[in-house]
Amino acid sequence: MSVKDKLFESVVELEEQKAYELVRQLLEEKSDPKEIIDILRKAVEVIGEKFNKKEYFLTELVMAGEIFQQSAKILEPALKKEAIKEKSKGVVVVGTVKGDVHDIGKNIFVTLLQSAGIDVYDLGIDVPPQNFIEKVKETNADVIGYSGLLTVALEAMRETTEKLKTEGLRDKVKIIIGGLPTDEMWMKEAGADAFTDSAFEGVKIVKKWLEEG
Amino acid sequence: MEFEPIEEEAMTSVERVLTAMRLKEPDRVPVWPLIDFLPAHYIDVTAQEILENPDKSQYAYEWIYHKLGGYDIAMAGGAMYMMYINPFPDYFSAYYVDWRLPGRMLGVNEPPQLVERSLDNPLLTENDYDRIINEGLLWLANFDRAGMGDMTKLGKIGAKVEENTIKWWTYYNVPTFTDGAVIVPFDLLSVFRGSTNFMKDIYRYPDKIKEVSDFLIDDVILMGEYGVSKMKGKTLLVGAVRGSADFISIKHFEDLFWPYFKKIVTKYVNDGFIVQLHMDTNWTDRLHYLLELPKGKIYMHMDERTDIFKAKEILGDHMCIQGNMKPSLFTLGTPAMVEKQTKEIIDKCAEGGGLFVGAEIPDNAKLENLKAMIDACKTYGVYRK
């Protein structure tokens, strides 16, 4: 098995330390850092598929995100040296809406978006509508993600969408809402385009939107 | 203020709930809307008063009980204070966990919310597992959120909660929701570490998590019994969230969660308490483990993520089940939608007893939707005339 295959396998099996050693080894062997990132990305995708098949759970997604981020840190100097600047696949603004502070799912969504090469602006928790608006204007975002767990979060989601409309921004962005209780009823109420109770599924939807342009 | 009397039925709520829990058919399916801060949306009482003022709180709960024509499990006024201003290192304790409470870092009408500080600056670092084993948990206390004033109030409020608890059980003949609550060390550590950090720990330090859980388990059991002894209560809640299929694999569940959960529940049942398993998120693929718990002494609350029909199939002869109604339905739905879902659960799960219908009710729920669930249980849910 080649070192690259070994790296792929160790990430899929979530053997964290082994994965970092292999990333370092590949760098020493002068492998193309861009190619290493692609291997990591493919491995995270396979982990996502395993999550879908219920072979893996949230813990495994979190570990996958961690291994990707730590590996990317190891690769950073080499990527800079080679002056490889990846073209961004799109911009997403994410936050847990006003009145709600739950962020487990949101944090995983952010990590998975980053590992898919998407630029993410995470506004944190308890985010007032105005902060979403300002960030969308500043970054020219393609997608907004509202996160929330409490039923009261719905009111804040609706309010944020209304503000987007007033500002003439609604047609320029797609909106996805995420959280365990979200469903079609929530989506309509929040004036959103999609809903998901899974960070992994959410990333799939966003990727599809960005590909469609 | 006088309330309109509740219409008498063949059984009292206490009889009905205990019969269903023993897996026999009562007069009708018991119904339990789990109401915490909802009255603040309808009458002149704030969420802060529901938390901190046992008289106003009891009034609010009696008001909603009568407004809805009666239901089968109620909350004692002031019980929430005992839960959040709990001096022990527990999940609900504002002394330990970063709970924002109404009137404290939140508006007077906002419900309590947990801030996990999951990524930056967690309450516990990964090096603190050893510190717990050496020093216990008391060093984690933070008196900024709850302090000496609260300690002094605890005794006074505790006495009131006892009075209110007894009033529900003997005057109204309605069981109280929970007189004490604990969670397994696994969930406690997850909250202290922040869930994202903790999920990494599951891979990096599984042996430490086990070691600390072994160290804490007996203290956790005692913490729950403090609540019931203080309020002369009968019911204990064992909560679980992070051990479910929404978080961890079966392997991690078996290693790090289940043995401790089983130990707590078995001890409380053996000590004669009514035990509620309060299991949020999705437990469907691990329901069969619950067959290892004592039969006919427990009721299990599940939210809409666990498949209640599967639960009936697996646990029907062993454990009373409850829940699964979707909370947002009570805010966004219509009475017809609520009635339809209530009837479906009754149709598929009521046979032979062992079912309560219910849900955790959002604070901004519509009363007509609550009434639709309650009335469906009182008419459609009748076992015998």
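The values are calculated or read from the model by the stated rules, or taken from the named source; none is laboratory data. Computed from a prediction, not measured in an experiment: that's the story for all the values here. Every residue, glycine as well, gets a Cβ built from its backbone with ideal geometry; the counts of neighbours run over all protein chains shown.
Okay, here's what the table says:
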{"read-out": "Members of segment B:312-339 found to be out of contact with any helix residue (DSSP H, G or I) (no Cβ under 8 Å at 6 or more places or on another chain), in a helix (DSSP H, G or I) and either more than 11 Å from chain A (Cβ to nearest Cβ) or under 13 Å from residue B:376 (Cβ atoms) (or both), listed by number", "value": "B:313"}
{"read-out": "Only listed residue being within 14 Å of another protein chain (Cβ to nearest Cβ), modelled with pLDDT of 95 or more and part of a helix (DSSP H, G or I), chosen from B:207, B:201", "value": "B:201"}
{"read-out": "Residue in segment B:93-113 that is under 30 Å from residue B:379 (Cα atoms) and free of Cβ contacts under 8 Å to residues at least 40 places away in the same chain present", "value": "no"}
{"read-out": "Residue selected from segment A:179-194 under the condition within 22 Å of residue A:137 (Cα to Cα) and in contact (Cβ under 8 Å) with a residue 40 or more places away in the chain, by the criterion farthest from the other protein chains (Cβ to nearest Cβ)", "value": "A:192"}
{"read-out": "Check on residue B:297, surrounded by fewer than 23 Cβ atoms within 10 Å (Cβ to Cβ) and at pLDDT 95 or above", "value": "no"}
{"read-out": "Segment B:267-291 - residue that is part of a helix (DSSP H, G or I) and over 25 Å from residue B:359 (Cα atoms) and, of those, farthest from the other protein chains (Cβ to nearest Cβ)", "value": "B:270"}
{"read-out": "Flag if residue A:11 is in contact (Cβ under 8 Å) with a residue 12 or more places away in the chain, within 14 Å of chain B (Cβ to nearest Cβ), closer than 22 Å to residue B:204 by Cα and part of a helix (DSSP H, G or I)", "value": "yes"}
{"read-out": "Qualifying residue in segment B:175-184 (condition: assigned to a helix (DSSP H, G or I) and either within 14 Å of chain A (Cβ to nearest Cβ) or crowded, with 16+ Cβ neighbours inside 10 Å (or both))", "value": "no"}
{"read-out": "In segment B:295-311, the residues that are among the aliphatic types (A, V, I, L, M) and assigned to a helix (DSSP H, G or I)", "value": "B:308, B:311"}
{"read-out": "Residues being surrounded by 15 or more Cβ atoms within 10 Å (Cβ to Cβ) and hydroxyl-bearing (Ser, Thr, Tyr) - total across segment B:155-170", "value": "1"}
{"read-out": "Qualifying residue in segment B:241-249 (condition: modelled with pLDDT of 95 or more, assigned to a helix (DSSP H, G or I) and either crowded, with 21+ Cβ neighbours inside 10 Å or over 15 Å from the mean Cα position of the chain (by Cα) (or both))", "value": "no"}
{"read-out": "Single residue of segment B:60-78 satisfying the filter (in contact (Cβ under 8 Å) with a residue 24 or more places away in the chain and touching a Gly at 6+ places or on another chain (Cβ under 9 Å)) that is surrounded by the fewest Cβ atoms within 10 Å (Cβ to Cβ)", "value": "B:62"}
{"read-out": "Flag for residue B:342 being hydroxyl-bearing (Ser, Thr, Tyr), surrounded by 24 or more Cβ atoms within 10 Å (Cβ to Cβ) and in a helix (DSSP H, G or I)", "value": "yes"}
{"read-out": "Subset of segment A:84-117 (residues that are of a type in the set (A, V, I, L, M) and either assigned by TED's automatic domain parsing to the domain that holds residue A:41 or touching a helix residue (DSSP H, G or I) at 6+ places or on another chain (Cβ under 7 Å) (or both))", "value": "A:84, A:91, A:92, A:93, A:94, A:97, A:104, A:108, A:112, A:113, A:116"}
{"read-out": "Qualifying residue in segment A:64-74 (condition: touching a residue at least 24 places away in the same chain (Cβ under 8 Å), buried (at least 16 other Cβ atoms within 10 Å of the Cβ) and in contact with an Asp or Glu (Cβ under 7 Å, 6 or more places away or on another chain))", "value": "yes"}
{"read-out": "Filtered residue count, segment B:34-61, keeping only those that are under 20 Å from the mean Cα position of the chain (by Cα), within 17 Å of residue B:107 (Cβ to Cβ) and not in a helix (DSSP H, G or I)", "value": "2"}
{"read-out": "Residue check for residue A:19: at pLDDT 95 or above, closer than 25 Å to residue A:204 by Cβ, surrounded by 15 or more Cβ atoms within 10 Å (Cβ to Cβ) and not polar (S, T, N, Q)", "value": "yes"}
{"read-out": "First in segment A:99-113 and more than 8 Å from chain B (Cβ to nearest Cβ), second anywhere and assigned to a helix (DSSP H, G or I) and among the aromatic types (Phe, Trp, Tyr), Cβ under 8 Å, 6 or more apart", "value": "A:111/A:68; A:112/A:200"}
{"read-out": "Count of segment A:114-158 residues which are within 14 Å of another protein chain (Cβ to nearest Cβ), closer than 20 Å to residue A:189 by Cβ and in a helix (DSSP H, G or I)", "value": "6"}
{"read-out": "Test result for residue B:289, in contact with a strand residue (DSSP E or B) (Cβ under 6 Å, 6 or more places away or on another chain) and among the aromatic types (Phe, Trp, Tyr)", "value": "no"}
{"read-out": "Qualifying position, being under 22 Å from residue A:103 (Cβ atoms), basic (Lys, Arg) and assigned to a loop (DSSP other than H, G, I, E, B), among B:145, B:100", "value": "B:145"}
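Here's the yes/no breakdown for (1) away from chain B (no Cβ under 14 Å); (2) assigned to a loop (DSSP other than H, G, I, E, B):
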{"residue": "A:1", "(1), (2)": "yes, yes"}
{"residue": "A:20", "(1), (2)": "no, no"}
{"residue": "A:27", "(1), (2)": "yes, no"}
{"residue": "A:38", "(1), (2)": "yes, no"}
{"residue": "A:48", "(1), (2)": "yes, no"}
{"residue": "A:55", "(1), (2)": "no, yes"}
{"residue": "A:60", "(1), (2)": "no, no"}
{"residue": "A:71", "(1), (2)": "yes, no"}
